[in-house]
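Peer 1: For reference, the structure I am asking about is given below.
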Amino acid sequence: MTEQGRSFTINLNPQPEGGFTVLVPALPEVVTEGETREEALANAREAIEAMLAVYREEGWPIPADVPTEVEHLTVAA
């Protein structure tokens with residue numbers, strides 16, 4: 001991790017009942033949520049920082065970002 005920080009792509013998924021679930025493709029251990037977009041992003045930052053601390057403590061290499069692509073498929077329902 002550089003002193004400037006490291007960027008990670010996140011998937012911010014709105015939930016039908018409200019709020020958001022956040023997934024981090026490069027860090028599959030990180031799954032968090034929030035009632036608002038801002039809360040979800042803050043929780044994601046905290047969870048990523050905590051997971052990176054575990055990686056450093058264990059001597060594991062910090063994974064590179066995994067950018068995601070979004071596609072839409074139509075299937076018979």
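Rule-based calculations on the coordinates, nothing more; no lab input. Keep in mind it's a predicted model, so treat the numbers as computed, not measured. FYI the Cβ positions are ideal-geometry reconstructions off the backbone, even for glycines, and counts take in every protein chain you see.
Peer 1: Please work out if residue 47 is out of contact with any Gly (no Cβ under 8 Å at 6 or more places or on another chain), in a loop (DSSP other than H, G, I, E, B) and either surrounded by 10 or more Cβ atoms within 10 Å (Cβ to Cβ) or of a type in the set (Gly, Ala, Ser) (or both).
Peer 2: no
Peer 1: Can you confirm whether segment 27-44 contains a residue that is at positive phi, surrounded by fewer than 12 Cβ atoms within 10 Å (Cβ to Cβ) and not in a strand (DSSP E or B)?
Peer 2: No, there is no match, as no residue in segment 27-44 is at positive phi, surrounded by fewer than 12 Cβ atoms within 10 Å (Cβ to Cβ) and not in a strand (DSSP E or B).
Peer 1: Just to be sure before I move on: is residue 62 assigned to a loop (DSSP other than H, G, I, E, B), aliphatic (A, V, I, L, M) and surrounded by 12 or more Cβ atoms within 10 Å (Cβ to Cβ) in the structure I sent? Steps first, please.
Peer 2: Values: assigned to a loop (DSSP other than H, G, I, E, B): yes; aliphatic (A, V, I, L, M): yes; surrounded by 12 or more Cβ atoms within 10 Å (Cβ to Cβ): yes.
In short, yes.
Peer 1: Any residue in segment 50-77 that's within 13 Å of residue 26 (Cα to Cα): show its pairings with residues that are not in a loop (DSSP other than H, G, I, E, B) at Cβ separation under 7 Å, as long as the two are six or more apart or on different chains.
Peer 2: Short answer, once both residue conditions are applied: 62/52; 62/55; 68/11.
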